[in-house]
Amino acid sequence: MARSDLIRWLGSLDADDLAGLITRRPDVTADRAPRALTDLADLLMHRVGLATVIQGLPRPAVEVIEALQALLPPSKDHDGVARGRLAELFGRELDDPELDATLQVLAQRALAWA
């Protein structure tokens, strides 16, 4: 996950979605409240916080995270994973509602986004 992509995505969220994300990721406000999206992105990418939030996820969400990691190219400068590749890996249709719901869970925690 590229920091600049995360910052750009965070900037696209409305106030309610951003507040919901912070509620679902209390690790980002444990020590201090972030003052800018760059601070928030850094906190969201911190390994300890990521490990904590991943431990609380349902199994399908963890499986999608693992699949995304496996499908990402080794370069840090990537455009992510095409949704079609992810759906194909799980034997799902591109518009599968269960895949949608799982990706929504991940987006609500800033673990994956469109």
Does Arg59 satisfy the condition of being out of contact with any helix residue (DSSP H, G or I) (no Cβ under 6 Å at 6 or more places or on another chain), at pLDDT 95 or above and of a type in the set (Lys, Arg)? yes
Output the helices (runs of 4 or more DSSP H) that fall wholly within segment 14-114 and possess 1 or more residues being open to solvent by less than 30 Å² (accessible area, probe 1.4 Å) and over 18 Å from Ser4 (Cβ atoms), or say none. 15-24, 47-55, 59-71, 83-89, 97-107
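Of the residues Leu89, Leu37, Leu44, Leu94, which single one is in contact (Cβ under 8 Å) with a residue 40 or more places away in the chain and touching a helix residue (DSSP H, G or I) at 6+ places or on another chain (Cβ under 7 Å)?
Of Leu89, Leu37, Leu44, Leu94, the one residue that is in contact (Cβ under 8 Å) with a residue 40 or more places away in the chain and touching a helix residue (DSSP H, G or I) at 6+ places or on another chain (Cβ under 7 Å) is Leu44.
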For Leu6, state whether it is open to solvent by 30 Å² or more (accessible area, probe 1.4 Å), modelled with pLDDT under 95 and either part of a helix (DSSP H, G or I) or aliphatic (A, V, I, L, M) (or both). no
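The values are calculated or read from the model by the stated rules, or taken from the named source; none is laboratory data. Only a predicted model underlies this, so the values are computations on that prediction, with no experimental measurement involved. Note: ideal-geometry Cβ built from the backbone for every residue, glycine included; neighbour counts use all protein chains shown. Ligands, DNA and RNA are excluded from the accessible area calculation, which covers all protein heavy atoms including side chains. Shrake-Rupley method; radii C 1.70, N 1.55, O 1.52, S 1.80 Å.
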